[in-house]
Structures are given as C-alpha cells and as structure tokens.
Amino acid sequence: MVIVGLSPIAHESAVGILVDGKLVAAAAEERFGRVKNQAGFPHQALDFCLKRAGVTASDVDYVAYAALPFHRERMRDLAGYGQNIAYVARAHDDAPRKLWHLANFTRNMLVNKEWESWGGTERKIRSALRDRGLDKKLVYTDHHRAHCASAYYTSGCDRCLVVSLDGYGSGQAGSFYLGEGGKLTLLTTIPYPHSLGTFYRRVTQALGFKPNRHEGKIVGLAAFGDPAKLYDQVVRRFDLEHDDYYRYKSSQDPYFEKGLAERYSREDVAAAYQRVLEDVATKYIQHWMQKTATRMVACAGGVFANVKMNQRVMELPEVDQMYVFPAMGDGGVGVGAAFALHGDLRQLSPATLPDVYLGPAYSDADIERALVAEGLPFKKSPDVERDIVDQLVANKVVARFDGAMEFGPRALGNRSILYPAVEPEVNKWLNKRLKRTEFMPFAPISLDEEANTLYDHIDRVRYSAEFMTVTTNCTPQMRAQSPAAVHVDGTARPQLVKQRINPSVHRILRLYRERTGIPTLINTSFNIHEEPIVCSPEDAIRAWRDGALEVLALGTYLVNRPAA
Ligand SMILES: [Fe+2]
C-alpha cells in the first residue's frame, strides 16, 4: 500500500511517502524552492518523493492530508470560540484583559484567511492533486492525531503516552493519546485558544524576533536570564486546576507580552516564559503518565521543537524513555497523517526509524558538474574522512555535503558544518560569519559509544538524540573537553552517531578522537542566515562562498578556500 502524506500548505509544506507502512522518502518544499518554511502545494517535494520511492501517481493508493475538511475545521473553531466565551466569563482575571482577549479572539476569527477564502486552501490542494490524477484519493486526518501518529508509529514502543502540542491545528492546540497494540486511543484534546504554541509565539514576537520561526532563539536567550523575576506574573495566566488540560487565560491579549518586553530585559522575559512553558507542559504530561501507567512518552508538534522543555519532560521521575519525532513541526505532520491512515486500514506496529536520510542524494557526476560549472579547483580524495579530520585538527571550518539530505529541521551530518568544539569563542566568530544570532549555542555531534561519559540521563533519550531533539546536562568531561558545544546553563543538544547509521560521519568522529582524544565536534546546519539548509551541490557551493568557509567537502570532492 502506497500512501502519500501531505502537510498543511499554509507554511512548512512537505511530503512523505509510506510504502507498506515504511517511510521511504520525505522532504520539505523549502529545500527545493529555497524559501524558508515555504508555503503552497509542494510540487517539487512530491515529484522527488515519488521518484525516490520508485512509484508513479497511479501507484498511489491514498493521499493523507493532515487537516480536516474546511467545514469541519470551521465548526471546531466556532465550538472552541463558544466554549471559550463561557470559560472567560467564569475565569479569574482582570476585566480589561478579558475584554482584550475576547476582542482579539473575535477579530482573529473574522480575519482568518480560511474564513475569507471560504475553503480556498482545500480547493488549491484538490486542484493540484487533480492535475496529477490524485484528487479522488484524498483522505483527511485530524491534525493532532496525525502529529501523534508520527510520534507513535516511529517510537518503537508498543505502549506509551503520546502527546502533541502546537500553536493550532484542526481547531485544537494539543492532544493526549494512549498508544497501545498499534492503535491510538484519544484521552483528551486541548481546544484552541489554550495553546502553548501561541503562548511562546507571542513572546517571540514581543521580543523582536520572527514568530513561527525564531522560537529557538528564545530558548537560547532564556539561559542568560533569571526566570524568578517574572515567573509569578506569567504563570498566573494559566489555570492549572483542571485534571485533563490547562486553561490559558487571556491568550489572545498581545499587550501583556509587549508590556513586559518594554519594562524588563529580554533575557529575563525569555527565562520566565521558558520556565512557565516547561512547568505547564511537564505537569500535564506527568499527570497523564500516572493516569495511564505508562513509562514512555512519544511526542510531536511544534512546541516539542523546544529542546529545553523536552529535557524537563525526559527528567520526570515517571519517564524511562522519551522520544520526539525528528520532524516535530508541521513539516512532519503529513507523514503522521500517512501513518495514521495506514494504522487505521491495516495492523501497523510501532518501529524505530532506521534514519531520516530521506531526501535527495547526488552522484559524483552531479557534484563534478557543479564544481566545473563554478570553475572551482577541486581534488577527489581517496580517503575523504581522513582528509576532513586533517583540516579539523588544523582548526579549519569544514562544510560537509554527503549522501541523502535529512528530513526535519536538523542537519545530521550530511548537510552540516563541522568544527572542533574546543574554543568557546567560536560561537561569536562563526555565528557572525554564518550571519546568525551571536548568543545561539552550537550543538555537539558525538560518537554514540561515548554518550554516557558526556551526557547525563542520555539513556532516557538515546534514540531521540540520534536526531538532536533534546538537551541534556553535560558531564564534567564534556564541559572540559568541548566547551564550545556547551551552553551557558551547562546543557547541550547532542546528536549521537552510530556506525551503522552514518558510517562516514562516525569515521570522521573516530579519526578525530584518535588524533585529539575528543569524541565530539560542533555540528551546525549547512546554510547561511535565513536560507533553508542546502539541498543540491549548487546550493552548497553558494552557501560555502557566502559564509567564507574554509573547506568544502562535497561527497569525496574537496575544495579549499584560496588564502586571502
Ligand atoms: Fe501542528
């Protein structure tokens, strides 16, 4: 059975293909169109996925879409609006804030693009699918059920709590499911506007960053602030007296965050929001773990891009194992819709993903053509891993492009910039060269076999750490050896590399350890500033030039920047 999984096309358009329950291809449209979080129907990603899966449109049995039909989504919006008015009338909050909330909520409902176009998105999708003979194969899936299916069916755990948290999807902002025996049973949903995604998005915007894009910067910034200063003011906006899920009072009042941002340092504001997010999320995850007597939690949804919150979940005494789907945002929810549909139609047992190298790969001929077209002098290395390590030991920045592109927001060695993690100053000068925010920490990439000597509690997230989805506290050895990859709060967001999963990167790390005694390097995504991660050799050459990086390793081809 061949199922195409399609994400909503408002942002982060992406496609994945499941063949008999196995994810065989997946990619986001942004990598082809070169526009960050690209919206619109993902034509190029779909063409690629069909090709990689070795199927044509006529072989496709279903197209699973991670949203409900227009009228059902809007009915949920109206129901959520009605419920919320009743809730606000009873909630303890300042009267002006309640009024602002209701006025903004009403306005946001009325100016919603979906209402205005009266199903325009759905028509666009149907029309694009009709052109490919696929419109009759379209199946709608509840957005949060799709997020949960992406986490459950790739968790490798038969019985676990499954949680989704995001900004908004199918009228909701989150859900709790029990995954058991290959089936998902709904425990409760969190109706919009009680949205932790909205909560964090608003503070991102108030602090001068781009909402829906720069939330990760707030996580980085929070480590520099004091959460205690504003904690009480912020946590009071949540009503935590309910068993099933929290209520977020006055969620649509944007003036609250703006007021804080004007009066306090951005570090302290970020720290308070981060701490409240962590406390609210962990309280309810803990509650549902106790209630379902589960010891593993599988998670998806954009809020789980928050690696520090994930660490707090992982550290709960109830949690033996925590897993976050590598494409946790809406770029991965289409894949989840495909898993959900397959699980409904056939028996499907949760299995772990072998890897997420599910995107385009390029041949030597493709790479050589790109290098020749750019007029770059290159050498083909008989032992590229050893040559890369020679450069790293000489403190050269290596931009590495190899094999198939990663699915999801993280570069996991195949589209990565590598550098020693020894000198902490690298954060400043390399972020500047890559045109990124200077306070953002770089993440480490380490040999999996050394993980226990480097990261605390790593066995609870061993599988998830293959995909860089959670931070852990670092051991004294890690702090001493690789300070450039340890954040100011003593945490790091590691990628663990196993030999069988990425033998080439594993060999680079092994050779580097042989030379230096250190099993860790810095791994940051191969892109410049706000561009998506590179996809093709041509993208890689352009980003290498723009970033004035020293060494470009395209497969087994090496290019050195001429001395200035
Ligand atoms: Fe979502």
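The values are calculated or read from the model by the stated rules, or taken from the named source; none is laboratory data. Please read these numbers as outputs of a predicted model, since none were measured by experiment. Don't worry about glycine lacking a Cβ; one is built from the backbone with ideal geometry, like all the others, and counts go over all protein chains shown. The area values use the complete protein model at the heavy-atom level, side chains included, leaving out ligands, DNA and RNA. Shrake-Rupley method; radii C 1.70, N 1.55, O 1.52, S 1.80 Å.
Spatial offset of region 288-352 relative to region 515-564 amounts to 32 Å, using the alpha carbon center of each. Once the Cβ-Cβ distance of VAL35 and VAL111 is raised to the sixth power relative to R0 = 41 Å, the FRET efficiency obtained is 0.95.
Multiply the residue gap between HIS71 and TYR255 by 0.36 nm, knock off their C-alpha separation, and tell me the result in nm, one decimal place.
Details: separation 184, 0.36 × 184 = 66.24 nm, distance 3.17 nm.
Here the segment from HIS71 to TYR255 would lengthen by 63.1 nm.
Taking every protein chain into account, the accessible area of the chain amounts to 38 square angstrom per residue (probe 1.4 Å). Protein-only accessible surface at a 1.4 angstrom probe places the residues ARG130, ARG74 in the order ARG130, ARG74, largest first.
Pairs of Cα atoms under 8 Å, at least six residues apart: use those to get the relative contact order of the chain, whole percent.
Numbers: 1216 pairs, mean separation 89.4, N = 564.
Relative contact order of the chain: 16 percent.
Taking a sphere under 9 Å around the Cβ of GLU12 and counting the other residues whose Cβ falls inside, with K and R at +1 and D and E at -1, yields a net charge of -3. A cut-off of 5 Å between modelled amide H atoms, ignoring neighbours fewer than 5 places along the same chain, links ASN523 with ALA443, ILE445. SER164 sits among other residues whose Cβ lies under 14 Å from its own Cβ, and their net charge, with Lys and Arg +1 and Asp and Glu -1, is -2. ASP232 exposes around 100 Å² of accessible area when a 1.4 Å probe is run over every protein chain in place.
By the Stokes-Einstein formula, at 0.890 mPa s and 25 °C, region 472-564 with its Kirkwood radius over alpha-carbon pairs has D equal to 159 µm²/s.
The Cα atoms of region 295-421 cover 54, 37, 23 Å along the three principal axes, with the biggest extent listed first. Distance from the C-alpha centroid of region 170-245 to that of region 444-472: 25 Å, rounded to the whole angstrom. Listed by chain and number, the lysines whose C-alpha is less than 30 Å from the C-alpha of LYS291, apart from same-chain residues fewer than 8 away, are LYS183, LYS249, LYS283, LYS308. Counted over the chain, the DSSP beta bridges are approximately 70% antiparallel. Other residues whose C-beta falls under 11 angstrom from the C-beta of GLN205 contribute a net charge of +3, scoring Lys and Arg +1 and Asp and Glu -1.
What part of the accessible area of the chain, given as a whole %, is carbon or sulfur when the probe is 1.4 angstrom? C and S atoms contribute 52 percent here. Reported to the nearest whole Å, the Cα centre-to-centre distance from region 96-142 to region 362-413 is 42. Compare the Cα positions of TYR557, ILE518, HIS529 along the charge dipole of region 510-564 (+1 at Cβ of Lys, Arg; -1 at Cβ of Asp, Glu; about the Cα centre) and return the one farthest towards the positive end. Toward the positive end, the furthest listed residue is ILE518.
Before rounding to the nearest 500, sum -39500 (n - 2.57) across all DSSP H runs of length at least 4 in the chain and divide by the residue total; then give [θ] at 222 nm in deg cm²/dmol. Mind dumping the intermediate values first?
Numbers: 21 runs with 225 residues, N = 564.
My calculation for the chain gives -12000 deg cm²/dmol from helical runs alone.
Checking the a/c ratio against 1.5 first, then a/b against b/c, what shape does the Cα gyration tensor give for region 1-158? Write down the numbers at each step before the final one.
Working: a/c = 2.40, a/b = 1.95, b/c = 1.23.
Here region 1-158 falls in the prolate category.
Calculated from the alpha-carbon coordinates, region 190-334 shows an Rg and a Dmax of 14.9, 45 Å respectively. Label sites at ALA228 and THR516, each approximated as a point 7 angstrom past Cα along Cα to Cβ, lie 3.8 nm apart. Over the chain, the ratio between the Cα radius of gyration and 2.2 N^0.38 Å evaluates to 0.95. Placing a label point 7 Å from the Cα of HIS242 along the Cα-to-Cβ direction, the residues of region 188-232 with a backbone N closer than 13 Å are 188-196. Taken over the alpha carbons of region 99-254 as equal point scatterers, the Debye sum produces base-10 log I(q)/I(0) values at 0.12, 0.14, 0.20 Å⁻¹ of -0.72, -0.95, -1.34. For GLU425, the accessible area of its heavy atoms, probed at 1.4 Å with every protein chain present, is near 110 square angstrom. Which FRET efficiency value, to the nearest 0.05, do you get for ASP383 and ASP131 by plugging their Cβ-Cβ distance into 1/(1 + (r/R0)^6) with R0 = 51 Å? The formula returns an efficiency of 0.60 here.
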